[in-house]
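Peer 1: Mind looking over this structure? Questions follow.
The values are calculated or read from the model by the stated rules, or taken from the named source; none is laboratory data. Bear in mind the structure is a predicted one, so any value in this text is a computation, not a measurement. Because the Cβ atoms are built from the backbone with ideal geometry, glycine has one as well, and the counts that use them run over all protein chains shown. Note: accessible area is taken over every heavy atom of the protein model, side chains too, but ligands, DNA and RNA are not part of it. Shrake-Rupley method; radii C 1.70, N 1.55, O 1.52, S 1.80 Å.
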Amino acid sequence: MTAHQRINQAYRQAPWRKATQIGVLFLIIAVLGASILWIMLTVTVQAASAGLQIQDLEARQEELQRSIASMRTDIAINTSASAMEARAKELGFHRATKDEIDYMVIPGYTGRQPQISAPPPTASVSPVLIKPSYTQSLSEWLLQGILKMNEQAGGLAP
Amino acid sequence: MKSKSFWRYYFVGGALTLAGLFIFIWMIRILLSPEAETFREIGGRYETFPKTVYPERGNIYDRWGHLLAGNVETYEIGADLRYVTDPQTIAATLSSITGIDYNNTYALVSEPWDSDLPRYVKLADFVEPEKIAQLEAIEKQLNETRANASRRNRKDDVMPNMDGVIWTPKLKRSYPEHTLGSNIVGFYSYREQEKARGYYGVEEKYNQLLAGTPTQVTVALDPYKIQDIPEIPPGASLVLTIDRDIQAMAERVLDEHIQSSGAKSGTVVILDPETGELIAMAVSDRLDPNHYWDYSKVFPGIMAYNRAIGTTYEPGSVFKVLTMAAALDAGAVEPSTSFLDTGVIMVGGVAIRNWDRGAWGPQDMTGCMQHSLNVCLAWVATELGPSKFYNYLNNFGIGHLTGIDLSGEVSQPVLIPGDTGWYEVNLGTNAFGQGVAATPIQMVTAIGAVANHGKMMAPHVLKAVIENGEQYNNPPQVIGTPISRQTADTLTEMLANSLEKESSVALVEGYRVAGKTGTAEIPGPGGYLENATNASFVGWGPVDDPRFVVYVWLEQPQTSPWGSVVAAPLFSEIVQNLVVLMDLPPDAIRQEIASH
């Protein structure tokens, strides 16, 4: 055994080296465990937070819907026939009689148009917002891929 | 030294492992224990709760988008007895702000409650947001006072507070125009909570459409299980054919004429003869649907909510329009057919006389209509014959529901030959609108056919439905062609001429209109009533392109019994205002514009 071999053996058998190896192993396990716990905790907290946020947003949506309905009615109350007539009288207006009206031709004027106009019903298909790859399972994705390949092969055939 | 150090490590590691193992085994024991299922069940009760989501009730608009029925925010006030510590302050505050009874409120919130389970008591309902703002301000002030007292170490004292009081927002029905058009709109009994529904008018007719579909959803309290509540679409909104400003005008003018004539009640119906769209329908009396619980005060006894569709009456001489239309169409008479009026005619052995009991001598058919001669029209009906006469009435829809999309329509069957109670004289009296009953909407629908060149349109108030952001229009429908175009145009010309010849007060300067007065006796328990009449007028115009049919009825006017005296001026005033609101130029200007 040469001197070099002896030093090498002594180094390998050194007790501090074994302790270091065990320590590092524990450290790796601990870090891995902590990481998994951290990820689980983060995901859980985020899920709970998102749930509460959904609840808040739903409450806010309901509040806004009630508020919009109330405001629409408030506007109608303030612009009701009797309210508008009273306001017009206060401003010094009076009801027009047919003798006070001058009629004239305005090219392009098609008369008074209804204020409410929602689009007519259509047979439109609702647009797909999420790509299928986000909703497909692995087996579905594979099956669709194979079918697509088959179709392409069939298409190329004479 | 080295071995001792390792022993300590082994001991700690072993102890921790044993503790972990113990916890693990204990957890399994808990999960498998007989009580576990019970606890899981109790936990499940708090995990979710069912909630019924009531969609917002659809709005009702007039043809120009003015809101006739909408919704406003309102609040229910209640208390959770678990948290109530000061019933006196709660009762006093709520009593002063909302006006609810102090003693009753105090009794409700003083109920002893020791359980941890919630105990909710309702204290007030349909409270306006302004009052809730006042409550919030008071609660905030009380909480601040309590917090200050707490800082001064007065924790044991029960400071005035409103703990336990809860207010929950919701929507209630609101009618911004109050009584305007309430006979058409109807009302929604929002105070009946889950049993609430629409009554009368479009609120009842389209209740299902307006209400939408209530949906029960499960709301999770566990934040991990919260899911998006499915979108519940609101009820459909309705766009009516009614013009708010014309409706307001019709109601105003009608009320003035009821007042000036001393009439018991009145009705005005304005219809577009080309489409059957109801432009306005004014009646007396009218209920403010915001206070629908006053219904029995406004309509005591068996009064109809909407007299224009819910009350039949003997219309009198306005009915002669239909008799003459039938006779002209069947070829029984022509406008130039002459008739010698001797002042009396025997039909079925009964003498029929004119309204003035006079004899008007030789007349043509225009003269018969102009002077409203009962004798002449009874003769016309006999010339036509009962079979054809009643067949035409049937085709005009008399005796049948018009099918107008308003709740509460009634009809009275017409007695025809063969029916019990029909006598030969009925043919003569029916010819001038006595012994036959119809609602104003039946009359205006039938006479609308004359104005619309023979085509009878389905009367309707629904112009469009807006559902899920899309508008579905309600197209006009032809429900029959009781007379030919030629007959309709001939009769219109005859009735326009007759108004002009007698210089009727119904005439409107600048606009050529056709029309007919009506004065009818009112049947009572022992025959017709003394000194009581129904005065009516029906007219349409402009004659060359009719855009409106106006039907007016004044019940038992006091200043004069005659339709020509009390109903014709009402028609004229309505039309004078109507042409302004409809942007309808005088005939001369309109024809000049059309010729360019």
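Peer 1: Taking DSSP loops as anything outside H, G, I, E and B, show the longest stretch in chain B free of GluC sites (Glu not before Pro) there with at most 10 other beta carbons within 10 Å. Don't skip to the answer; put the middle values down first.
Peer 2: On the way: sites that count: B:Glu35, B:Glu231, B:Glu509.
Segment B:232-508 is the longest.
Peer 1: What do you reckon, how do B:Arg547, A:Arg6 stack up by accessible area (1.4 Å probe), largest on top? Don't jump to the answer; show the numbers that get you there.
Peer 2: Details: B:Arg547 85, A:Arg6 130 Å².
My answer, sorted largest first, is A:Arg6, B:Arg547.
Peer 1: From the residues B:Ile28, B:His291, B:Ile589, which one has its Cα farthest along the dipole of the protein assembly as shown in the positive direction, the dipole being from +1 and -1 charges on Cβ of Lys/Arg and Asp/Glu about the Cα centre?
Peer 2: Final value for the positive-end residue is B:Ile28.
Peer 1: Still on this model: For a test of the definition: using alpha carbon positions, the gyration tensor, and the 1.5 limit on a/c, classify the protein assembly as shown as rounded, prolate or oblate. Don't skip to the answer; put the middle values down first.
Peer 2: Values: a/c = 3.28, a/b = 2.32, b/c = 1.42.
In terms of gyration-tensor shape, prolate.
Peer 1: Going by the alpha-carbon gyration tensor, a ≥ b ≥ c the square roots of its eigenvalues, is chain B rounded (a/c under 1.5) or, if a/c is not under 1.5, prolate (a/b greater than b/c) versus oblate?
Peer 2: prolate
Peer 1: Going by alpha carbons, how many degrees (0 to 90, nearest 10) lie between the helix axis of B:374-384 and the longest principal axis of chain B?
Peer 2: 90
Peer 1: What do you get for the angle between helix B:129-151 and the principal long axis of chain B? Use alpha-carbon atoms, 0 to 90 degrees, nearest ten.
Peer 2: 20
Peer 1: Moving on to the next point. For the pair A and B, how large is the buried accessible area, both sides, in square angstrom to the nearest 100, if the probe is 1.4 Å?
Peer 2: Working: alone 15610 and 29520 Å², together 41470 Å².
Protein heavy atoms only, the A-B interface buries about 3700 Å².
Peer 1: What does the structure give for A:62-70 when I average, per residue, the other chain Cβ atoms found within 10 Å of the residue Cβ? Walk me through the numbers before you get to the answer.
Peer 2: Numbers: counts 6, 2, 0, 5, 9, 3, 3, 10, 10.
The mean count of partner-chain Cβ atoms within 10 Å per residue comes to 5.
Peer 1: Between the DSSP loop rule and a limit of at most 16 other Cβ atoms within 10 Å, which trypsin sites (Lys or Arg not before Pro) in segment B:1-107 are left? Please report the intermediate quantities before stating the final value.
Peer 2: Working: sites: B:Lys2, B:Lys4, B:Arg8, B:Arg29, B:Arg40, B:Arg45, B:Lys51, B:Arg57, B:Arg63, B:Arg82; in loops: B:Arg57, B:Arg63, B:Arg82.
When the trypsin sites (Lys or Arg not before Pro) of segment B:1-107 are filtered for loop state and at most 16 Cβ neighbours within 10 Å, B:Arg82 remain.
Peer 1: What relative contact order, as a whole-number percentage, does chain B give when Cα pairs under 8 Å and 6 or more residues apart are counted? Write down the numbers at each step before the final one.
Peer 2: Working: 1200 pairs, mean separation 85.0, N = 596.
Here the relative contact order equals 14 percent.
Peer 1: Here's something else I'd like to know. Roughly how much of B:Ile23 is accessible, in Å² to the nearest 10, using a 1.4 Å probe?
Peer 2: 100
Peer 1: For segment B:221-271, which trypsin sites (Lys or Arg not before Pro) pass both filters: DSSP loop (anything but H, G, I, E, B) and at most 14 other C-beta atoms within 10 Å? Numbers along the way, then the final one.
Peer 2: Numbers: sites: B:Lys225, B:Arg244, B:Arg252, B:Lys264; in loops: B:Lys225, B:Lys264.
Those that pass, being in a loop and sparsely packed, are B:Lys225, B:Lys264.
Peer 1: What is the Cα radius of gyration of segment A:3-95 over 2.2 N^0.38 Å, N being its residue count?
Peer 2: Working: Rg = 38.2 Å, N = 93, 2.2 N^0.38 = 12.3 Å.
It is 3.10.
Peer 1: Enumerate the aspartates and glutamates that B:Lys51 could reach by cross-link, defined here as Cα to Cα under 15 Å, with residues fewer than 8 away along the same chain left out.
Peer 2: A:Glu58, A:Glu62, B:Glu194, B:Asp228, B:Glu231
Peer 1: Averaging sequence separations of C-alpha pairs under 8 Å and six or more residues apart, then dividing by the length of segment B:46-195, give the relative contact order as a whole percent.
Peer 2: Values: 196 pairs, mean separation 54.2, N = 150.
So the answer I get is 36 percent.
Peer 1: Further question: Quick check: net charge around A:Ser67, other residues with Cβ under 11 Å of its Cβ, Lys/Arg +1 and Asp/Glu -1?
Peer 2: Numbers: positive: A:Arg60, A:Arg66, A:Arg72; negative: A:Glu62, A:Glu63, A:Asp74, B:Glu73.
Net charge in that neighbourhood comes out at -1.
Peer 1: Based on Cβ point charges of +1 for Lys and Arg and -1 for Asp and Glu, what charge dipole magnitude is obtained for chain B about its Cα centre, in debye rounded to the nearest 20? Intermediate results must be reported in sequence, preceding the final value.
Peer 2: Working: 45 positive and 69 negative charges, 485 e Å.
The calculation lands at about 2340 debye.
Peer 1: On a straight-distance basis, which aspartates and glutamates could pair with B:Lys195 in a cross-link, Cα separation under 18 angstrom, same-chain partners fewer than 8 positions away excluded?
Peer 2: B:Glu56, B:Glu76, B:Asp125, B:Glu203, B:Glu204
Peer 1: Tell me the mean residue ellipticity at 222 nm calculated for the protein assembly as shown from its helices only (DSSP H runs of n ≥ 4, each -39500 (n - 2.57), averaged over every residue, nearest 500).
Peer 2: Numbers: 25 runs with 335 residues, N = 754.
That comes out to -14000 deg cm²/dmol.
Peer 1: When Cβ neighbours within 10 Å are restricted to other protein chains, what is their mean count per residue of peptide A:71-79? Before the final figure, lay out each step's value.
Peer 2: Numbers: counts 3, 7, 13, 5, 3, 13, 8, 1, 3.
For this peptide, the per-residue mean of nearby foreign Cβ atoms is 6.
Peer 1: Another one. Can you tell me how much longer the chain between B:Leu16 and B:Asp114 gets when fully stretched, taken as 0.36 nm per residue apart minus their C-alpha distance, in nm with one decimal? It would help to have the intermediate numbers written out before the result.
Peer 2: Numbers: separation 98, 0.36 × 98 = 35.28 nm, distance 4.35 nm.
Extra length available between B:Leu16 and B:Asp114 comes to 30.9 nm.
Peer 1: Also: Run the 1.4 Å probe and let me know the accessible area of B:Met27, rounded to the nearest 10 Å².
Peer 2: 110
Peer 1: Using Cα pairs closer than 8 Å and at least 6 residues apart in sequence, work out the relative contact order for segment B:319-401, in percent. Write down the numbers at each step before the final one.
Peer 2: Values: 98 pairs, mean separation 29.5, N = 83.
Worked out over segment B:319-401, it gives 35 percent.
Peer 1: Nearest 10 degrees, 0 to 90: what angle lies between the long axis of helix B:244-261 and the longest principal axis of chain B (Cα atoms)?
Peer 2: Helix B:244-261 sits roughly 60 degrees off the main axis of chain B.
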